[in-house]
Amino acid sequence: MKKLKRLMIKMICILGLCGVIWFVLLQNPKFIVQNEYYQKAYNGLAYHWTVHQDLVKIDDEQEQNLIQCYENFLTPHEMGLLQQKKIIVLQPDEVLLREALGEEIAEDIFPILVYTPHEKKENNICEEMKKLSDVVRAAHNLHIKVIVDCSYSDRLRRMPEGFNSVLLCKQYGIRRIVVFDGGHHLASLPLNPDFILLPLTAVGNHMRYVNHAFMRDAIPLNNVSEIVNHLELDTVMMHTSRIRTIAKTKGSMGELARQILIKGDKAREDLSVMAGEYQTEWSSYAMDQVQARDCMVIAPKQTAMIYISQWQEDAEHILGQIEKQVTEALSENPIKTFYIAIDYGDSTIKSLGKKIVNPTILEEKVKKIGDTHNLKIKIVNIPYSGWDLYWQKIIGFVKQKKDLVRQILSFHL
């Protein structure tokens, strides 16, 4: 029992130290993020952590979307390269440079284009949106078939200029994988990404939340599934563990994309074996009905997505923004359903003293707005980050096992 007590104390100390280090990193100070040596070390650590784990799982009932997504996509040779881990991960500027210099990518390696959070520049945002299309054209010329988007590039694509790059991807047959880690991605769902990777944290009675490490905008997985099914998207939903998928770096995002493509292809093969010649009617998602407007995107099926992106501590101010967006959408389109995500702030030290709006109060008042206009309006996310959800798990575990913990710690060394 003494050994057990020592072991438990060591584990608590290690977990505590890891928690402190993680919390410090979540503060995301510029002097760390912009440090070249930090970036190299962080990318290397994240890649080696990711490459030695099986991190990706396929969501249930993805049969039709899987078959459709892989039609006329990867050749047996390309799948072989992925299985042998013969990949090269490129970033946008590297793709543009290769095309400008006329450098082709060798046939014995599979290229993957990734946008990391550090692609965000201080340039004119119109230039950044135009650059998205330039990169897609360059990727097509270099025979790149996969693009991985993080929050920044995903947001740019739902702006009017950036939306052209999504249409180009569809035209060229380039598949987009979006790391969908919270409510800030909600308005991008109508862009019909080919794959969405959902970092999950389970809390309580197996309730699973799609969440960001420090942004407080977690979405219950059920809500994401509801929207995908409601819009009849062609999107293939993939899961990963939030705590095991530690970073969105160049190397780790490339490896996650590799695992996604292999898992999806294996599942497609299994479906074909079970069903013989798998026959289905392909869905015809109406991309021409999508109106991309950054924080409000009009989708087919008389549906709109709204993201309230400016964190406010006052519920009335948020409600005012929601009512303004709803009124604007209704003035131009016969919308019947609104899905809304809200920026509730983050878990950084500078935010600890700030007030968080009660989502229950918001839901009650938003329902009244819906009743007034005879609409369905649903707030899909809650004010929790990955950090907050982990604390809920720890507190829940301690409460559940408190008698055992008290018994072990009551013994003297």
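Laboratory data are not the source of any read-out in this text; all were calculated from the coordinates shown. Computed from a predicted model, the values in this text were never measured in an experiment. Here Cβ is always computed from backbone atoms with ideal geometry, including for glycine, and neighbour counts include all displayed protein chains.
Some observations on this one:
- Highest to lowest packing among 325-338, 361-374, scored as the average C-beta count within 10 Å: 325-338, 361-374
- Label-to-label distance for GLU61 and MET207 is 2.1 nm, based on points extended 7 Å past Cα in the beta-carbon direction.
- Spin-label pair ASN141-ARG244: with each label point 7 Å from Cα along the Cα-Cβ axis, the two points sit 4.1 nm from one another.
- Stretching the chain fully between HIS77 and TRP391 yields a gain of 108.5 nm (0.36 nm per residue, less the alpha carbon separation).
- Using a Förster distance of 25 Å, the FRET efficiency for GLU104-LYS40 (Cβ separation, nearest 0.05): 0.40
- Local electrostatic count, ALA187, Cβ distance below 10 Å [Lys/Arg +1, Asp/Glu -1]: +1
- Counting only Cβ charges, +1 for Lys and Arg and -1 for Asp and Glu, the dipole size of the stretch 55-275 around its Cα centre is about 560 debye.
- Electrostatic bookkeeping for GLN259 treats Lys and Arg as +1 and Asp and Glu as -1; over the other residues with beta carbon under 14 Å from its beta carbon, the sum is +3.
- FRET efficiency, 1/(1 + (r/R0)^6) with R0 35 Å, evaluated for LYS355 and CYS13 via beta carbons: 0.55
- Spatial separation of Cα centroids for the stretch 63-106 and the stretch 163-230, in angstrom: 22
- Rounded, prolate or oblate (a/c below 1.5 giving rounded, otherwise prolate when a/b exceeds b/c) for the stretch 55-275 by Cα gyration tensor: oblate
- Each Lys or Arg adds one and each Asp or Glu takes one away; over the other residues whose Cβ falls under 15 Å from the Cβ of SER225, this sums to -4.
- Inter-probe distance in nm under a simple model that places probes 7 Å from Cα toward Cβ, at ASN124 and LYS365: 3.9
- Comparing TYR209, ASN229, ILE87 along the charge dipole axis of the stretch 55-275, the residue lying farthest to the positive side is TYR209, per the Cβ-charge model.
- Restricting the stretch 92-160 to trypsin sites (Lys or Arg not before Pro) in coil, as DSSP defines it, with at most 12 other Cβ within 10 Å: LYS121
- The slack in the chain from ASP314 to ASP54, taken as 0.36 nm per residue of separation less the alpha-carbon distance, amounts to 89.3 nm.
- Pairs from the table (LYS86/LYS145; LYS324/LYS367; LYS248/LYS355) lying more than 18 angstrom apart at Cα are LYS248/LYS355.
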